Amino acid sequence: MATKTAGTGVAALRSGVPGAAGRAALSLCHRLRSKAMYMDVEYDPTVPGGVPGDGYFWCTHTQNCLGPDGRVATRETCNDGAGRACFERAW
C-alpha cells in the first residue's frame, strides 16, 4: 500500500497524508484540496501539527469550503470513514 517517492526516500500512502507510513490511514476524497498540495517542498516531520499547510481546505466539486452535501470539507470529514455520500475514492 505504501510507495516510495523516487529519489527522496519519503514514504507516502495513497491517503496523501504525509508521515502516515506504518499505520492505517484513511483514503481522502480526491476532490479535497489544500494549499499544502501545491507546495514544492519535502515533508518535514518536525513541522508542528505533522502536516504542512495552513489547515484550510476546499472541495473541487463546489469550489468552496463546503462539500456538495453542505458539510465542511476537511481531512477528518472527507475520507472513506466519514460516511459522506459525496465521497469519491481516488483509487
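No value in this document is a laboratory result; all are computed from the given coordinates. If you're wondering where the values come from, they're calculated on a predicted model, not measured in any experiment. With ideal geometry, Cβ positions are generated from the backbone for all residues, glycine too; neighbour counts draw on all protein chains shown.
The listed peptides 59-65, 26-32, ordered by packing as a protection proxy, come out as 26-32, 59-65 (highest mean of other Cβ atoms within 10 Å first).
Computed about its Cα centre, the charge dipole of region 27-91 is approximately 280 debye, with only Lys, Arg, Asp and Glu carrying charge at their Cβ.
Karplus-based coupling profile of region 30-38, in residue order and whole Hz: 6, 8, 6, 10, 8, 4, 4, 5, 9, with θ = phi - 60° in 6.51 cos²θ - 1.76 cosθ + 1.60 and x standing for Gly or Pro.
Extension gain, D80-M37: 0.36 nm per intervening residue step, less the Cα-Cα distance, totals 13.6 nm.
Couplings 3J(HN,Hα) of region 70-83, computed from phi: x, 8, 5, 8, 9, 4, 6, 9, 10, 9, 5, x, 7, x Hz, in residue order, whole Hz [Karplus 6.51 cos²θ - 1.76 cosθ + 1.60, θ = phi - 60°; x for Gly and Pro].
Each peptide in 67-77, 33-43 was scored by the mean count of other Cβ atoms within 10 Å over its residues; highest first, the order is 67-77, 33-43. Taking the Cβ of C86 as the center, what net charge do the other residues with Cβ under 13 Å away carry, scoring Lys and Arg +1 and Asp and Glu -1? For residues surrounding C86, the net value is +1.
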